[in-house]
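Chemist: Mind looking over this structure? Questions follow.
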Amino acid sequence: MEPLSLFRPETRAWFERNFAAPTPAQDKGWPAIAGGGHVLIQAPTGSGKTLAAFLSAIDRLTAEPGAGLRLLYVSPLKALNYDVERNLRGPLAGLRSELRVAVRTGDTPQKERAAMLREPPDILITTPESLFLLLTSRARELLRGVDTLILDEVHAVAGTKRGAHLALSVERLEALAAQPVQRIGLSATQRPLEEIGRFVSGGRPIELVDAGVAKELDLEVVVPVEDMREPGEVREEGWEPRSIWPSIYPALVELVRAHRSTIVFVNNRRLAERLALRLNELAAGGGDAGEAGTASSASSQAPPREIARAHHGSLAREQRLIVEEDLKAGRIPCLVATSSLELGIDMGAVDLVVQVESPKSVARGLQRIGRAGHELHAVSKGRIFPKFRADLLESAVVARAMRAGEMALPSAPGLGVAAA
């Protein structure tokens, strides 16, 4: 069956005007979704799987706008929710659809929450935590008309406490809804696919759509010192430990300057802030290359020309949007991020992804490095900077498995490599 034949002529015409052809995720996913059963689509970052899930629902719902909330989209990341809302404007405007879209997260003002009760949207975008709050408040009446549930980035929560909490909320939604709810799960870089499918469906029958293709990687583990076995120097008073950071900083600045857009991933918010500050200081020619966070209070002022900004979940929504748009528009060449940019947020054409320390798992490494070359057939360029000897060994193991396309990596005793 020709997948586009499943849509109304208007929807098909819009798609053909904007895209050369369906991606594998769309080609395989649309017939599965049209069958009406639960579906899990696995495909890499940039494969069009989110549009695969949404376009079927938009095509069906456009004929009856204003009939109440029927499509619920749940993502584990607030920033991704606003990105999805922004990207929905294209097909809705192109189809002249009158469907209303709303976002409900912890950032949503009370005024907007009250407006949703008075005039329910057709499509609601939310997080697992906000879904729980919706189910435990008077707003739960909004959810009775839901007939389609999209669970995005399920690999990020499956197998975690947060995922167990989400699974309970999904079952509560199933019990509340006036009709059976079709569940459409979207996942990347995760195996075994059957386990993720059981998570999405709650053990019910589900059609697994495996559109996974190995991304071409330009991946290196970079050791910025001559010998990581002896990261110290001999002085008259004896041996004194020396940080590896003075070697990492200049290498990062050089990489940022050599590329139009770069995302540097770190593992916590504090390091994101300090590393961005240090890169700006070095780029401006100020200070020595000391340890992260040892800059004086005088250096807290932003340099005249920033090359890097921090991005993490603790930033206000408005600030996150500003720094994201600055990178997309080329106003700044680098973002230093935590997991806040790990998932499917559209960051435009990213040339390079740098990971400071091991990504800890193959899945996370593929997800993060996949932000570079964020298109189906583009090469993803990544560099991993280990910080100490054990980290180097772990980074090498993860990088080798990433190159081999091994989406699952068993725990390695003594290496700290988490299961993918």
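The values are calculated or read from the model by the stated rules, or taken from the named source; none is laboratory data. What you are looking at is a predicted structure, and each value in this text was computed from that prediction instead of being measured. Neighbour counts are summed over all protein chains in view; Cβ atoms, including those assigned to glycine, are modelled from backbone coordinates with ideal geometry. SASA here: full protein model, heavy atoms, side chains in, ligands and nucleic acids out. Shrake-Rupley method; radii C 1.70, N 1.55, O 1.52, S 1.80 Å.
Chemist: Checking the table Lys215/Lys381; Lys328/Lys360; Lys111/Lys328 against a 20 Å threshold on Cα-Cα, which pairs fail?
Modeler: Lys328/Lys360; Lys111/Lys328
Chemist: Further question: How much area per residue is accessible in segment 1-151 when the probe is 1.4 Å and only protein heavy atoms are counted (Å²)?
Modeler: 41
Chemist: Using label points projected 7 Å from each Cα along Cα→Cβ, tell me how many nm separate Arg96 and Glu119, to one decimal.
Modeler: Spacing of the two 7 Å Cα→Cβ label points: 2.1 nm.
Chemist: Using a 1.4 Å probe over the heavy atoms of the protein chains, calculate the carbon and sulfur portion of the accessible area of segment 1-150 as a whole percent.
Modeler: Of all accessible area on segment 1-150, carbon and sulfur atoms account for 51 percent.
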